[in-house]
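The values are calculated or read from the model by the stated rules, or taken from the named source; none is laboratory data. Just so it is clear, the model here is predicted, and its values are computed rather than measured. Cβ: placed from backbone, ideal geometry, glycine included. Neighbour counts: every protein chain shown.
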Amino acid sequence: MDTLQAIFTRRSVRTFSERQISSEDIHTILRAGMSGPTCVNARQWSFIVVTAREKLSQMAKANGKPADPLKNAAMGILVCGDLNRAFPPAPDYWVVDGAIAAQNMTLAARALGIGSVWLGTWPQMDRVERQRELFGLPEDIVPHSILAFGYPAEADDEERDLFEADRVHYAEW
Ligand SMILES: Cc1cc2nc3c(=O)[nH]c(=O)nc-3n(C[C@H](O)[C@H](O)[C@H](O)COP(=O)(O)O)c2cc1C
């Protein structure tokens, strides 16, 4: 699958089959996450990979009802910001680095035939604190987002065209 096909056929998948994800594919997904641009190349992230059913359920509970897809996912990845690596003049860039890593992972998964859904965590601080507690994270490691992954229960490979002409301005507003 080429890059544009992966982008145009990606969609959030919330219902997964029982099929597990190979360790090779997990590695590829993480490698994609670590391949994005980062502010001053500081790579201000860390990832926690979870495949145990019980822990996936605990992650879902900690994020509330919108994170229910984790309960039937083959894998969850908690994307964390690493504030130790933040760029002092503009430390908030860790949020951008985390988002780019997460999106790269969803697209890599799509290219491998694996579905995913992004489960928002930061800046909803109740979720952030519950994930922090669940994983025993140090203060400078901040939960950013969770991605649930698995093979889609129903294949859907249709391309979508979400282009909106009125969102684009040329040369001036
Ligand atoms: C920051 C962010 C937070 C999101 N949080 C959730 C969530 O908690 N639960 C969920 O089911 N989907 C969540 N989503 C997925 C969006 O609902 C989804 O991307 C959007 O509806 C567009 O659908 P699509 O991904 O199929 O294009 C989130 C997406 C983003 C980018």
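Structure notes:
- Boolean, Phe16 is under 26 Å from Asp97 (Cβ atoms), within 16 Å of the ligand (Cβ to nearest atom) and touching a residue at least 60 places away in the same chain (Cβ under 8 Å): no
- All positions within the range 89-118 that are part of a helix (DSSP H, G or I), polar (S, T, N, Q) and within 11 Å of the ligand (Cβ to nearest atom): Gln103, Thr106
- Hits in the range 50-74 - residues which are away from the ligand (no atom under 16 Å from the Cβ) and closer than 15 Å to Arg14 by Cβ: Ala74
- For the range 47-62, the criterion of being over 19 Å from Asn104 (Cβ atoms), in contact with a Ser or Thr (Cβ under 7 Å, 6 or more places away or on another chain) and in contact (Cβ under 8 Å) with a residue 24 or more places away in the chain is met by no residue.
- Subset of the range 142-173 (residues that are more than 13 Å from the ligand (Cβ to nearest atom) and hydroxyl-bearing (Ser, Thr, Tyr)): Tyr151, Tyr170
- Arg130 vs. criteria away from the ligand (no atom under 12 Å from the Cβ), at pLDDT 95 or above and of a type in the set (Lys, Arg): yes
- Of all residues in the range 79-88 being among the aliphatic types (A, V, I, L, M) and not in a loop (DSSP other than H, G, I, E, B), the one that is nearest to the ligand (Cβ to nearest atom): Val79
- The range 119-137, subset in a strand (DSSP E or B) and surrounded by fewer than 18 Cβ atoms within 10 Å (Cβ to Cβ), residue nearest to the chain's Cα centre (by Cα): Gly120
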